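Structure first, commentary second.
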Amino acid sequence: MKDKVIPEDFIFASSGYMPECEGVSPVRGVYSHISGIDLVKGKDGEWYILEDNLRVPSGASYPMIARDLCRRSSPKTFRDNLLEDNRNYAQLLRKTMDYVNVEGHTVILTPGRYNAAYFEHSYLAEKTGAHLVNGNELLVENDMLYYVDYKGKKERVGAVYRRISDEYLDPMHFNPESVIGIPHVFDVYRKGKLALLNAIGNGIADDKEIYYFVPKMVKYYLGEEPVLSNAPTYLPFYETDMAYVLAHFDNLVLKDVAEAGGYGVVFGSSMTKAQKADFIALLKREPRRFIAQEVIDFQDLEIQDNGIVVERKADLRAFVLMADEPYVWKSGLTRFSRNPDSFIVNSSQGGGFKDTWVLSR
Amino acid sequence: MQIDRTLRFCYRMSLGFSEPVQKHQFALRMIPQSDMRQQIVDCKVVLEPACALKEGVDSFGNRYVYGEIVHPHSAFCVEVRGTARTAGGIAVLCEIPVMSLAPYRFASQYTRAGDALKAYYGQNGQRAGEDDYAFAARLNHQIYQDMVYKQGVTDIHTTAEEAFSDRRGVCQDYAHIMLALCRMADIPSRYVVGMIEGEGYSHAWVEICADQRWYGMDPTNDKMTDGTYIKISHGRDYQDCIVNRGTFRGTGTQTQQVSIVVSEE
């Protein structure tokens with residue numbers, strides 16, 4: 001920001017900006033302990049980064065389960081092919097949690113068993129040996145966080161892998177309506193007496209606008225070209241980008257930065273003349289509201305649908321764990337869409353998943 | 001600091017619960033701090049029921065106290081009583097480096113301008129050779145003239161845009177409107193909660209930053225802050241300065257009473 005690589009208002013006017021975190025440094029300087037990087041493979045054979053998830057990326061348990069089932073149902077496959085073993089995720093996660101643990105127990109904080117990802121929370125707790133807890137089993141006292149067991153005994157907690165979002169974490173500082181958080185946990189965190197995985201406030205770094213700046217950040221900090229490319233993205237906020245967007249409107253997809261979950265996404269090619277004129281007027285009036293991206297032709301993936309091999313859209317979430325140094329788990333979550341015309345791979349929308357192989361050769 | 005007044009203050013807030021509640025956790029931002037405009041000579045916090053208090057300082061620099069009352073109780077009362085020596089309408093040197101002014105330069109949840117405020121800014125936003133201070137002072141007066149003070153038409157969730165569209169509101173709304181306009185003009189500005197001489201509720205006004213100094217402006221009363229003002233906290237808008245935040249276990253309903261008395265010694 002100081003060197004004008006990223007304009008200030010992209011940070012401070014962003015909905016992900018949390019001023020409560022100003023001046024707070026997480027334990028050992030780690031912000032994104034567990035990152036989920038969504039990738040797609042284009043028809044040109046290139047991999048592209050679609051999204052960085054730095055808040056609470058989920059899904060690591062699925063490839064663990066998938067591999068487990070595949071090994072059991074077809075052991076021969078795994079004897080005959082040279083694959084990287086992915087059964088070390090729990091160890092890696094444990095190492096990541098231990099690295100920042102200040103002193104005491106490590107817990108996995110879940111919103112409860114009605115949460116869609118509860119299976120994953122309990123599975124990871126079981127595999128890593130961490131306690132699985134609800135917010136009401138944790139207690140802040142004398143600026144320390146304690147786990148209260150069934151007998152009422154209190155034991156200090158040094159690291160929380162929290163599977164609830166920032167705004168619900170502490171009703172005393174964030175959303176006052178939250179009943180799944182821990183009152184005053186932010187006070188303990190602020191004083192450095194607790195590690196939270198991931199850090200609070202990461203939303204500032206993984207929104208649609210900041211995505212545009214990630215390659216620039218890589219160049220700025222490392223002086224290197226990124227190994228993996230972003231989908232080519234334009235910010236109409238910049239004049240040269242605006243000119244490009246207007247000249248190549250039909251080849252682009254436009255996304256409203258305030259929207260999420262597939263809403264506010266329009267393809268230039270699918271608009272009528274009148275719609276296009278209206279949209280361009282809006283774009284010129286509110287250039288900050290949109291990003292534009294080249295439409296990438298993704299490679300389809302073969303899946304089995306009722307015993308028949310068919311092709312579907314798919315993406316891959318890679319998991320990057322950060323302890324003393326970053327480590328890319330040699331596996332990942334491959335998700336595919338259930339319907340032939342759909343691009344939606346989310347499990348909440350009927351998407352499926354399959355085992356992901358990383359060949360060792 | 002040139003002392004203008006010595007003020008005795010008593011800020012009393014009581015909560016009543018229709019059914020007893022327990023595990024009541026609270027955080028209170030109601031304790032004034034010494035700065036270059038005010039000196040808090042003494043200050044005492046009394047809680048009923050009594051409990052141990054912890055202290056924290058938030059990212060905006062506000063001091064807050066927090067604690068927990070575990071046992072069932074159906075009333076909770078806080079009294080903050082003390083003496084402040086205040087200076088008159090002097091500007092306070094900006095205590096934070098310019099970089100950290102950034103949160104005060106951009107619209108926040110309550111101060112995001114919509115069509116009504118943008119149109120108003122279009123009419124009043126041209127500067128006739130005014131510097132930031134003179135410009136903000138003119139807005140301060142303009143808002144006072146164009147708004148009608150009325151209680152009960154807005155609440156704690158009302159945004160600047162909503163209140164302005166209706167041209168009615170209370171000090172919180174006046175302050176939010178002022179902040180929205182100042183930030184459109186790229187003048188760093190912040191929301192202030194405090195007390196003023198007399199009897200009543202807490203008050204809200206704004207501070208604008210010009211030439212590395214904070215100036216207090218009160219659009220509700222059409223004036224610059226002076227020795228009758230005691231500041232408690234500041235932030236981007238209302239939500240950063242919420243006086244009492246809390247959670248408790250219980251099924252009852254909650255009522256709140258606030259009374260503030262500030263008088264010259």
_B:ARG12 vs. criteria among the basic types (Lys, Arg), under 19 Å from B:THR225 (Cβ atoms), more than 14 Å from every other protein chain (Cβ to nearest Cβ) and not in a loop (DSSP other than H, G, I, E, B)_ = no
*Do you know which residues across the stretch A:170-227 are within 13 Å of chain B (Cβ to nearest Cβ), assigned to a helix (DSSP H, G or I) and either closer than 14 Å to A:GLY135 by Cβ or more than 16 Å from the chain's Cα centre (by Cα) (or both)?*
A:VAL185, A:PHE186, A:ASP187, A:VAL188, A:TYR189, A:ARG190
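Give B:VAL148, B:VAL170, B:VAL192 a once-over and let me know the one that is of a type in the set (Val, Ile, Thr) and within 25 Å of B:LEU93 (Cβ to Cβ). Explain how you work it out, then say what you get.
Values: B:VAL148 fails: within 25 Å of B:LEU93 (Cβ to Cβ); B:VAL170 fails: within 25 Å of B:LEU93 (Cβ to Cβ).
After ruling out the rest, the residue left standing is B:VAL192.
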*In the stretch B:16-56, which residues are within 14 Å of chain A (Cβ to nearest Cβ) and aliphatic (A, V, I, L, M)?*
B:VAL21, B:ALA27, B:LEU28, B:ALA52, B:LEU53
*Taking the stated definitions as given, is B:TYR64 crowded, with 17+ Cβ neighbours inside 10 Å, within 13 Å of chain A (Cβ to nearest Cβ) and not β-branched (Val, Ile, Thr)?*
yes
_Filtered residues of the stretch B:24-45 (kept if part of a loop (DSSP other than H, G, I, E, B) and either touching a residue at least 12 places away in the same chain (Cβ under 8 Å) or not assigned by TED's automatic domain parsing to the domain that holds B:PHE76 (or both))_ = B:ARG29, B:MET30, B:ILE31, B:PRO32, B:GLN33, B:ASP35, B:MET36, B:ARG37
*Would you please name the residue that is modelled with the lowest pLDDT, looking only at residues in the stretch A:226-276 that are out of contact with any Ser or Thr (no Cβ under 6 Å at 6 or more places or on another chain) and acidic (Asp, Glu)?*
A:GLU259
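If you go through the stretch A:133-154, how many residues are closer than 19 Å to A:LYS191 by Cα and either away from chain B (no Cβ under 14 Å) or surrounded by fewer than 17 Cβ atoms within 10 Å (Cβ to Cβ) (or both)?
As a first pass, look at the stretch A:133-154 and keep what is closer than 19 Å to A:LYS191 by Cα: A:138-147.
The next check asks that each one be either away from chain B (no Cβ under 14 Å) or surrounded by fewer than 17 Cβ atoms within 10 Å (Cβ to Cβ) (or both); those that pass are A:141-143, A:147.
Summing the residues that are closer than 19 Å to A:LYS191 by Cα and either away from chain B (no Cβ under 14 Å) or surrounded by fewer than 17 Cβ atoms within 10 Å (Cβ to Cβ) (or both) in the stretch A:133-154 gives 4.
Give the number of residues within the stretch A:13-26 that are within 14 Å of chain B (Cβ to nearest Cβ), touching a residue at least 12 places away in the same chain (Cβ under 8 Å) and either assigned to a loop (DSSP other than H, G, I, E, B) or aromatic (Phe, Trp, Tyr) (or both). If you could, list the steps in order and put the result at the bottom.
Our first condition is that a residue be within 14 Å of chain B (Cβ to nearest Cβ); within the stretch A:13-26, this holds for A:13-25.
Among the residues that remain, those that are also touching a residue at least 12 places away in the same chain (Cβ under 8 Å) are: A:14-18, A:20-21, A:24-25.
With the extra rule that they be either assigned to a loop (DSSP other than H, G, I, E, B) or aromatic (Phe, Trp, Tyr) (or both), the set shrinks to A:14-18, A:24-25.
Of the residues in that region, 7 qualify.
Taking the stated definitions as given, is B:PHE135 surrounded by 20 or more Cβ atoms within 10 Å (Cβ to Cβ) and not polar (S, T, N, Q)? If you could, list the steps in order and put the result at the bottom.
Numbers: surrounded by 20 or more Cβ atoms within 10 Å (Cβ to Cβ): yes; not polar (S, T, N, Q): yes.
In short, yes.
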*asked:* Under 9 Å between Cβ atoms, which residue pairs at least 6 apart in sequence (or on different chains) link something in the stretch A:113-133 that is outside the structural domain of A:LEU145 (by TED's automatic domain parsing) and modelled with pLDDT of 95 or more with a partner that is surrounded by 15 or more Cβ atoms within 10 Å (Cβ to Cβ) and in a helix (DSSP H, G or I)?
replied: none
*Taking A:THR96 as meeting all but one of (1) over 22 Å from the mean Cα position of the chain (by Cα); (2) assigned by TED's automatic domain parsing to the domain that holds A:LEU132, write down the number of the exception.*
(1)
*Pick from the stretch B:149-177 the residues that are touching a helix residue (DSSP H, G or I) at 6+ places or on another chain (Cβ under 6 Å) and over 19 Å from B:VAL243 (Cβ atoms): which of them is surrounded by the fewest Cβ atoms within 10 Å (Cβ to Cβ)?*
B:SER165
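The values are calculated or read from the model by the stated rules, or taken from the named source; none is laboratory data. Keep in mind that what you see is a predicted model, and the values were worked out from it rather than measured. FYI the Cβ positions are ideal-geometry reconstructions off the backbone, even for glycines, and counts take in every protein chain you see.
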